[in-house]
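Remarks on the structure that follows.
The values are calculated or read from the model by the stated rules, or taken from the named source; none is laboratory data. Since the model is a prediction, treat every value here as computed from it, not as a measurement. Because the Cβ atoms are built from the backbone with ideal geometry, glycine has one as well, and the counts that use them run over all protein chains shown. SASA here: full protein model, heavy atoms, side chains in, ligands and nucleic acids out. Shrake-Rupley method; radii C 1.70, N 1.55, O 1.52, S 1.80 Å.
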Amino acid sequence: MIESLCFYLFAAITVLSGFMVIASRNPVHSVLFLILAFFNSAGLFVLLGAEFLAMILVIVYVGAVAVLFLFVVMMLDIDFVELRQGFLQYLPMGALIGLILVVELMMVFGGWVLAPEMTAVVASATPDIAETENTRALGQLIYTDYVFLFQCAGMVLLTAMIGAIVLTHRQRPGVKRQNISKQVRRRRDEAYELVDIKPGQGV
């Protein structure tokens, strides 16, 4: 009963958070909803018995949200002064997301205390190799049965990374860029200039 309640709660908040990531007009709100979606997805992985994936999701992806926010700043030219001035308007949204995370953590840890039998009903990562530790079982699945899909996912991520780099390095007017070939072709007489300065005069 408790595990089913946790599953539906985590799944509903994950779907709702994912929708709000693309529906929010404010990029700061989108990042907050993305963090909430990552934490709830990690909770679903724990219910499935994939603790290693849950840990990687929280450590790697939640940590990479800072890099994502950096890309958003570079692409949208967000004014940090304006964000600091509007700090109070972001406070209710951040407090709401923090409250949801606290309630979910209390449900998870409270469930283990109030219903110790939940440890027996948690699914293993792979039913046929239940005796294998979690990390090795996931590695055998990813690199044997689903290696083609794993490589396709890697190509999709590579394409997204290249697209983000292209967007952030687009040509902008008024931005000075280094021209390496021009610097290499520079002659000695172009590198410096001799100026005869008379006493009492400036350059």
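A few notes on this one:
- Extreme residue, surrounded by the fewest Cβ atoms within 10 Å (Cβ to Cβ), among residues of the range 163-195 that are in a helix (DSSP H, G or I) and among the charged types (D, E, K, R): 188
- Residues that are out of contact with any strand residue (DSSP E or B) (no Cβ under 8 Å at 6 or more places or on another chain), closer than 20 Å to residue 45 by Cα and assigned to a helix (DSSP H, G or I) do occur in the range 151-162, at least one of them.
- Count of residues meeting criterion [open to solvent by 60 Å² or more (accessible area, probe 1.4 Å), within 17 Å of the chain's Cα centre (by Cα) and under 29 Å from residue 135 (Cβ atoms)] in the range 1-44: 2
- Here residue 69 meets the list (1) more than 11 Å from the chain's Cα centre (by Cα); (2) modelled with pLDDT of 65 or more; (3) of a type in the set (Phe, Trp, Tyr) almost entirely, failing just condition (1).
- Near pairs, Cβ below 6 angstrom, 6+ apart or cross-chain, from the range 28-57 (among the acidic types (Asp, Glu)) to any residue that is surrounded by 17 or more Cβ atoms within 10 Å (Cβ to Cβ): 51/134
- Summed over the range 119-148, the residues that are at pLDDT 80 or above, in contact with a helix residue (DSSP H, G or I) (Cβ under 9 Å, 6 or more places away or on another chain) and either assigned to a loop (DSSP other than H, G, I, E, B) or of a type in the set (Phe, Trp, Tyr) (or both) give a count of 1.
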